[in-house]
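Participant: Attaching a single structure in C-alpha cells format; questions to follow.
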C-alpha cells in the first residue's frame, strides 16, 4: 500500500515534513499548498511535488491520501476540517490549535469523516523518551513525586519580526509556552499523567513588538499526587538544552534533548548498564535552543510512520487529537493562572478567550 502526502503550509516546518516523508517506505510527497503561491512553488520545485494555489483543488486530488498541516498555529483548524471533510487523513503540527474549541472542531471533523488524526509531537518517539516511559510503566520510580520540564531557550528579536503572526495571541496562541515548550509539556503529561492544578507567573521581558510571554514559570499538581515545575523562556541567552526530570521515591532520571543524562534507581535492572554506557557518549547538539532550524526530522519520520501503520491496521495513532488537546489545555490553564494570580483547576471549564492576558505583556 502506498500513500500520497500533501503539505498545507510551506514555511520552515514544511522542510522537515518533506524530509520525513522522503524517509518513509510506501509514501511520497505528491502535492503542496500555501496561501502564498510563491512558497508552494518553491517547495514543489525543491521536492518534485505539484504546487497548488487553491486548497480545494489540492484536496480534490485523488493522489493525496494524507495532509500534513504546518500553517501558523491559530490557522490549523480551517485546513484540517476541510481535509477531513474531503476524506483525507490529517497530521497537524503542534499545537493542535490554540483554543480548546478549535481543537474540538478538528477532532470532531475527523471523527465524523472516519479519518485518522495525529498531532505532531516527535519528541515522544526519541529512544530516550521511550525508555523513560518504559521505566514509568514498570514502576521503577516507585511513587512518582516530582516531574519537571525546563525549556530555557533564546530567540532573537529578528525571529519574532520575521513573520507578522509570530508573537501574537491570534495566530501564535502564546509565546514560549505555546510555541516552544509545548513539546516538553506534552512529554511531561505523557510521563507523569494528568495535571489537576496549576499556579503560574509569566512575563514579557526581553522582546519588543510582541504580545505574548517570553518567560513563564508554573507549578503543577498531578492527579497522582506528584508536583512539578514547568519553566519556559525564549529570553535566556545563549539558550540551553531542554530538560525533563522525573523523580520518585525509588528512582530518578533526567533527559536533555534526546540524551538520558541521569538514570538512578534503587533496584538495578539489566538494561541499566547499557543505558548508562550510552549516556557517556552523548550525541545531542543544541537542538532548537537558539536556532529553530537546528532540529532533526527523524522524530517526524517515526511519527509519520506510526500514522501510516494506524491507517493500515485501523487503529488510533499513538498521538491522536485528544492527546494533542491535553497540552493545549494545560498551557491555557497556565495562562489563566498567570492572568488571575490564582490557582486554576483542570480540566478547564469553558475556553479562555484570546487576549493579551496581562497589561505588562502588551506589544511594545
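Throughout, read-outs are computed from the coordinates displayed, never taken from laboratory work. What you are looking at is a predicted structure, and each value in this text was computed from that prediction instead of being measured. Neighbour counts are summed over all protein chains in view; Cβ atoms, including those assigned to glycine, are modelled from backbone coordinates with ideal geometry.
Participant: Using Cβ counts within 10 Å as a stand-in for footprinting exposure, how do 49, 103, 199, 32 rank, fewest first?
Facilitator: So the residues, fewest neighbours to most, are 199, 49, 103, 32.
Participant: Label segment 101-184 by shape, choosing from rounded, prolate and oblate, from the square roots a ≥ b ≥ c of the eigenvalues of the Cα gyration tensor; if a/c is under 1.5 it is rounded, and otherwise prolate applies when a/b is larger than b/c, oblate when it is not.
Facilitator: oblate
Participant: Further question: If you look at just the Cα atoms of the chain, how large are its Rg and its Dmax in Å?
Facilitator: Spelled out, the Cα radius of gyration and Dmax of the chain are 20.1, 59 Å.
Participant: Sorting 190, 165 on the 10 Å Cβ count, fewest up front, what's the list?
Facilitator: In increasing order of surrounding Cβ atoms, one gets 165, 190.
Participant: Rounded, prolate or oblate: which fits segment 56-209, taking a ≥ b ≥ c as square roots of the Cα gyration tensor eigenvalues, rounded meaning a/c under 1.5, else prolate when a/b beats b/c?
Facilitator: Oblate shape, in that a/c is at least 1.5 and b/c is the bigger or equal ratio.
Participant: Once each part is reduced to its C-alpha centroid, what is the distance from segment 67-91 to segment 121-149 in angstrom?
Facilitator: With segment 67-91 and segment 121-149 each reduced to a Cα centre, they are spaced 30 Å.
Participant: Between segment 1-61 and segment 203-231, how far is it from one alpha carbon centroid to the other, in angstrom?
Facilitator: 35 Å
Participant: Just check segment 43-133 against the gyration tensor rule for me: Cα atoms, a ≥ b ≥ c as the square roots of the eigenvalues, rounded for a/c under 1.5, and otherwise prolate or oblate depending on whether a/b exceeds b/c.
Facilitator: oblate
Participant: Inverting the mean 1/r over all pairs of different Cα atoms, compute the Kirkwood radius of segment 124-278 and quote it in Å.
Facilitator: For segment 124-278, inverting the mean 1/r across all distinct Cα pairs yields 16.4 Å.
Participant: Grab the Cα-Cα distance for residue 63 and residue 343, subtract it from 0.36 nm times how many residues apart they are, and report the gain in nm with one decimal.
Facilitator: 95.8 nm
Participant: Separate question: Can you say what percent of the DSSP beta bridges in the chain, counting only those with both residues inside, are antiparallel? Round to 5.
Facilitator: Counting only bridges with both partners in the chain, antiparallel ones make up about 55 percent.
Participant: Want the number for residue 250 to residue 264: 0.36 nm per residue separation, take away the alpha-carbon distance, what's left?
Facilitator: Gain on extension, residue 250 to residue 264, equals 4.2 nm.
Participant: Would you mind telling me which residue in 53, 300, 277 has the biggest mean-square fluctuation in a Gaussian network model of the chain, where springs connect alpha carbons within a distance under 10 angstrom?
Facilitator: Judging by the Gaussian network model, the answer is 277.
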